[in-house]
């Protein structure tokens, strides 16, 4: 899935990193922007052909599968797993 397609279908979601006083338009823009950027990063990582990174790509695919439509959460999960298990 490309970032352009994900960007068009992002639902509004009140995440805790934004104040509840944030106007709805700004909240929506911030969520869409974050998701678009996360999807771009995921797309780049999954396009890699380096055999040494195959384990990381497979783990990232599983993170994406567990977080459909939420690339920011998938990327966060991947980063947290990588931090906890360096070298894998």
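Structure summary
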| quantity | calculated |
| --- | --- |
| Residue in segment 39-47 that is surrounded by 11 or more Cβ atoms within 10 Å (Cβ to Cβ), free of Cβ contacts under 8 Å to residues at least 12 places away in the same chain and either under 12 Å from the mean Cα position of the chain (by Cα) or not in a helix (DSSP H, G or I) (or both) present | no |
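The rows are residues; the columns are (1) modelled with pLDDT of 90 or more; (2) within 18 Å of residue 65 (Cβ to Cβ); (3) in contact with a helix residue (DSSP H, G or I) (Cβ under 9 Å, 6 or more places away or on another chain).
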residue	(1), (2), (3)
4	no, no, yes
7	no, no, yes
12	no, no, yes
16	no, no, no
26	no, no, no
30	no, no, no
34	yes, no, yes
43	yes, yes, yes
49	yes, no, no
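The values are calculated or read from the model by the stated rules, or taken from the named source; none is laboratory data. Because the structure is predicted, anything quoted here is derived from the model rather than measured. Glycine also receives a Cβ, built like all others from the backbone with ideal geometry; neighbour counts cover every protein chain displayed.
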